[in-house]
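Written below as structure tokens is the structure these notes are about.
The values are calculated or read from the model by the stated rules, or taken from the named source; none is laboratory data. Please read all numbers here as calculations on a predicted model, not as lab measurements. Glycine gets a Cβ as well: all are built from the backbone with ideal geometry, and neighbour counts include every protein chain shown.
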């Protein structure tokens, strides 16, 4: 990691956080795999003299989810489809937030816990350094671990997979130093 020691405040101006969904069930071909962007989020990254002293916290506003892409499906995703999906997400998730707090930072992973709806679960972010001070990563989250029932449609024939993938791409060079 080639980042100067200090605290970095991040948000949408310094990167992107997104969620990828997948589909399952007998009617899976009718639905879409979605790329959903978290449009309001904050994170704080504190870097010390070594990785052992680094820490990460983040808060994701789940009321700010926006459908950016839908792949697959029997027909292309329309603007109306996007609006309908966003309305359904709002009903399922509400306007709350999810928080992440690291417990260990290593060269290729950040381990910690995510809290949502009063439930806290361990989470491991797989991290790659895209370039100096720019980092990308993914984590897999089971919706049911947080009491979320994955979406179903067509009388249960179309289902959203329980596991979703959270992706992030942040540039500490565009962050505010605190």
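Points to keep in mind about this one:
Per-residue answers, yes or no, for (1) surrounded by 12 or more Cβ atoms within 10 Å (Cβ to Cβ); (2) touching a strand residue (DSSP E or B) at 6+ places or on another chain (Cβ under 9 Å); (3) touching a residue at least 24 places away in the same chain (Cβ under 8 Å); (4) closer than 18 Å to residue 51 by Cβ:
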| site | (1), (2), (3), (4) |
| --- | --- |
| 82 | yes, yes, no, no |
| 98 | yes, yes, yes, no |
| 102 | yes, yes, yes, yes |
| 107 | no, yes, yes, yes |
| 129 | yes, yes, yes, yes |
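- Scope the stretch 94-108; condition at pLDDT below 95 and either closer than 23 Å to residue 30 by Cβ or in a strand (DSSP E or B) (or both); matching residues: 105
- Flag if residue 113 is under 18 Å from the mean Cα position of the chain (by Cα) and either in contact (Cβ under 8 Å) with a residue 12 or more places away in the chain or surrounded by fewer than 18 Cβ atoms within 10 Å (Cβ to Cβ) (or both): yes
- Note on the stretch 13-38: residues that are in contact with a helix residue (DSSP H, G or I) (Cβ under 9 Å, 6 or more places away or on another chain), without any contact (Cβ under 8 Å) to a residue 60 or more places away in the chain and either surrounded by fewer than 16 Cβ atoms within 10 Å (Cβ to Cβ) or part of a strand (DSSP E or B) (or both) total 4.
- Any hit, the stretch 79-87, residues being at pLDDT 90 or above, touching a helix residue (DSSP H, G or I) at 6+ places or on another chain (Cβ under 6 Å) and either closer than 26 Å to residue 158 by Cα or in a strand (DSSP E or B) (or both): no
- Residues (modelled with pLDDT under 95 and within 30 Å of residue 75 (Cβ to Cβ)) located in the stretch 35-52: none
- Scan of the stretch 48-76 for residues that are crowded, with 19+ Cβ neighbours inside 10 Å and under 15 Å from the mean Cα position of the chain (by Cα), ordered by number: 56, 58, 60, 62, 65, 67
- The set of residues in the stretch 1-31 being within 19 Å of residue 84 (Cα to Cα) and modelled with pLDDT under 85 consists of 27, 28, 29, 30, 31.
- Selection status of residue 43, closer than 28 Å to residue 10 by Cα and in contact (Cβ under 8 Å) with a residue 60 or more places away in the chain: yes
- Flag if residue 45 is over 19 Å from residue 143 (Cβ atoms), in a strand (DSSP E or B) and over 16 Å from the mean Cα position of the chain (by Cα): yes
- Out of 68, 136, sole residue that is in contact with a strand residue (DSSP E or B) (Cβ under 7 Å, 6 or more places away or on another chain) and over 18 Å from residue 32 (Cα atoms): 136
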